[in-house]
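Heads up, the thing below is written out as structure tokens.
Bear in mind these aren't lab numbers, they're just calculated from the coordinates by the rules spelled out. This one's a predicted model, so the numbers in the text were calculated from it and none came from an experiment. A quick note on method: Cβ atoms are made from the backbone with ideal geometry, for glycine too, and the neighbour counts reach across all protein chains shown.
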Amino acid sequence: MARFRTLDDIGDVKGKRVLVRVDLNVPMENGKVSDLTRIERVAPTILELSDKGAKVVLLAHFGRPKDGPDPALSLEPIARAASDVIGRPVAFVSDCIGEKAQGAIFSLNPGDILLLENTRFYKAEEKNDPEFTKKLAADGDIFVNDAFSAAHRAHSSTEGLAHLLPAYAGRTMQAELEALEKGLGNPTKPVVAIVGGAKVSTKIDLLMNLVKKVDALVIGGGMANTFLAARGVNVGKSLCEHDLAATAKQIMIEAASSGCAIILPSDAVAAREFKAGAASEVVGVDAVPADAMILDVGPKTVAAISDWIDRAATLVWNGPLGAFEIEPFDKATVATAKHAASRTKAGKLVSVAGGGDTVAALNHAGVADDFTYVSTAGGAFLEWMEGKALPGVDVLKA
Ligand SMILES: Nc1ncnc2c1ncn2[C@@H]1O[C@H](COP(=O)(O)OP(=O)(O)O)[C@@H](O)[C@H]1O
Ligand SMILES: O=C(OP(=O)(O)O)[C@H](O)COP(=O)(O)O
């Protein structure tokens with residue numbers, strides 16, 4: 001692994017403004033953070049810099065705002081959660097550039113911690129726009145990137161800043177890369193991947209390379225619906241990106257020629273409402289009512305996934321198999337997590353799982369500690385697995 005600059009190389013930070021990119025894109029329920037893992041993982045970097053007397057300025061995104069500032073996607077409630085986890089005050093300012101941000105940074109004392117508002121409230125962030133990056137850079141002396149889970153994005157706050165300021169990897173970035181290299185650098189075959197979740201359009205392309213690297217790919221969650229639709233199945237009102245059917249077909253062709261088995265759901269839990277306790281039924285995937293949506297994979301599919309896990313020496317998993325936040329649509333994810341955990345505990349499986357919601361699902365199942373490694377990253381971890389360069393990591397290489 002190429003060496004990159006870390007906090008060990010950073011030198012004296014006392015009184016300096018250190019811009020720290022963290023991933024605070026955490027699961028929320030009823031306005032409260034429902035899984036603290038991402039905050040807990042960046043706490044050591046924040047505490048280390050604060051203890052050394054840096055003025056710690058946190059940069060982060062939350063969700064995918066479509067059109068400028070969106071109060072529903074403010075980082076303000078997450079500043080409070082971060083303060084509870086870190087055990088020190090985390091101040092918040094309602095902009096990430098300009099006078100407001102500058103004023104708040106100017107009034108920091110050495111050791112203070114400040115969170116700036118969602119960087120994605122500016123479209124320029126995702127374009128890695130040099131003018132926007134310059135505005136962010138003007139408020140810092142040093143840049144630390146501790147957001148491995150956003151390192152697959154070449155955005156101003158994940159990649160651009162590292163060109164304008166002395167740049168270092170934070171402790172979590174460093175630990176994630178070391179752990180992935182150790183667990184998956186040379187994985188024992190057969191390798192089985194499970195990919196589910198809801199981010200279909202941003203994750204489907206990486207499956208094209210992933211099928212060349214793994215022996216079997218289990219597709220669940222919202223991702224499966226797009227593949228089922230590509231096979232001519234009527235998925236009713238399910239989350240499905242019909243315009244990606246051609247991509248899904250190409251992936252299935254590539255998998256066949258690479259010798260990678262594709263496992264799609266054979267049955268599903270369908271409901272007419274997306275809410276806790278909604279009436280639901282188990283149906284074959286070819287019998288989904290036109291006015292219903294698939295919210296989980298069914299018991300036959302869970303049994304098939306368990307069989308694949310039993311055959312696997314290595315498991316990589318990103319994306320829940322169903323809408324696990326809402327009962328009873330957590331069943332398949334919980335059962336699969338428990339099965340993978342027990343194989344791991346028995347010494348039969350190396351299991352690596354990652355992603356903001358996947359980690360929350362493993363915690364919900366009570367088995368996160370039983371996996372070989374749990375990454376904060378989902379898409380970034382899969383792109384690393386594909387062998388792709390991650391822009392946010394590459395730019396830190398010494
Ligand atoms: N069949 C489904 N229909 C709708 N949403 C789903 C379905 N299956 C899973 N999801 C949703 O996918 C989300 C997680 O997806 P994603 O963000 O891709 O995972 P991660 O954060 O672990 O990378 C969860 O909020 C879950 O409710
Ligand atoms: O939650 C994230 O990724 P993940 O869902 O793949 O775990 C990261 O914060 C990246 O978010 P993005 O996919 O909106 O760029």
Item checked: Per-residue ³J(HN,Hα) for the range 317-325, Karplus 6.51 cos²θ - 1.76 cosθ + 1.60, θ = phi - 60°, Hz, x for Gly and Pro -> 9, 9, x, x, 6, x, 6, 5, 5
Next item on the list: With an 8 Å cut-off on Cα pairs and a minimum separation of 6 or more residues, tell me the relative contact order of the chain in percent.
Entry: 17 percent
Margin query: In whole Hz and in residue order, list the ³J(HN,Hα) couplings for the range 366-372 that follow from phi through the Karplus curve 6.51 cos²θ - 1.76 cosθ + 1.60, θ = phi - 60°; x for Gly and Pro.
Written below: x, 10, 3, 6, 8, 6, 4
Checklist line | Interchain or long-range residues, amide H under 5 Å from I194's placed H | finding: V218, V316, W317, N318
Check: Which loop trypsin sites (Lys or Arg not before Pro) in the range 122-156, with loop taken from DSSP, have no more than 16 other Cβ atoms within 10 angstrom of their Cβ?
Finding: K127
Item checked: Sparse-neighbour loop sites [chymotrypsin sites (Phe, Trp or Tyr not before Pro); the range 126-222; at most 10 other C-beta within 10 Å; DSSP] -> none
Margin query: Given axes a ≥ b ≥ c from the Cα gyration tensor, I'd like to know whether the range 174-242 is rounded (a/c under 1.5), prolate (a/b larger than b/c) or oblate.
Written below: prolate
Note to self: Can you give me the long-range amide H partners of V350? Hydrogens built in the peptide plane at 1.01 Å from N, cutoff under 5 Å, separation of 5 or more residues or another chain.
What the structure shows: T314, L315
Next item on the list: Show that you can apply the helix-only estimate: for the chain, add -39,500 (n - 2.57) for every DSSP H stretch of four or more residues, divide by all residues, and state [θ] at 222 nm to the nearest 500.
Entry: -11500 deg cm²/dmol
Note to self: Just to compare against my own numbers: the Cα pair-distance distribution for the range 7-172, 10 Å bins, whole % per bin, please.
What the structure shows: 11, 45, 38, 6, 0
Next item on the list: Scan around L115 for amide H atoms under 5 Å from its own, H built in the peptide plane at 1.01 Å from N, and keep only partners 5 or more places away or cross-chain.
Entry: L58, A91, F92, V93
Checklist line | For the chain: span of alpha carbons on each principal axis (Å, largest first) | finding: 62, 42, 37
Checklist line | Lys/Arg +1, Asp/Glu -1 at C-beta; the chain dipole; positive extreme among L244, V85, V316 | finding: V316
Note to self: If each residue of separation counts as 0.36 nm, what is the full-extension length gain between F274 and K134 once their alpha-carbon separation is subtracted?
What the structure shows: 46.1 nm
Next item on the list: List the extent of the Cα atoms of the range 224-313 along each of their three principal axes, largest first, rounded to whole Å.
Entry: 40, 33, 19
Notebook entry, point to check: So which trypsin sites (Lys or Arg not before Pro) in the range 1-89 end up in coil per DSSP with only 12 or fewer other C-beta atoms within 10 Å?
Noted result: R3, K14, K66
Next item on the list: Over the range 1-67, calculate the relative contact order: mean separation of alpha carbon pairs under 8 Å at least 6 apart, over the residue count, as a percent.
Entry: 44 percent
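How big is the charge dipole of the chain about its Cα centre, in debye rounded to the nearest 20, if each Lys and Arg gets +1 on its Cβ and each Asp and Glu gets -1 on its Cβ?
The calculation lands at about 560 debye.
Please get the size of the charge dipole for the range 187-386, origin at its Cα centre, with Cβ charges of +1 on Lys and Arg and -1 on Asp and Glu, quoted in debye to the nearest 20.
With Lys and Arg at +1 and Asp and Glu at -1, about 440 debye.
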Notebook entry, point to check: From the square roots a ≥ b ≥ c of the eigenvalues of the alpha-carbon gyration tensor of the range 72-131, which class results: rounded (a/c under 1.5), prolate (a/b over b/c), or oblate?
Noted result: oblate
Next item on the list: Could I have the simple spin-label model distance between A261 and A346, label points 7 Å from Cα toward Cβ, reported in nm to one decimal?
Entry: 1.7 nm
Next item on the list: Please work out whether the range 187-386 counts as rounded, prolate or oblate from its C-alpha gyration tensor, where a ≥ b ≥ c are the square roots of the eigenvalues and a/c under 1.5 means rounded, while otherwise a/b larger than b/c means prolate and anything else oblate?
Entry: oblate
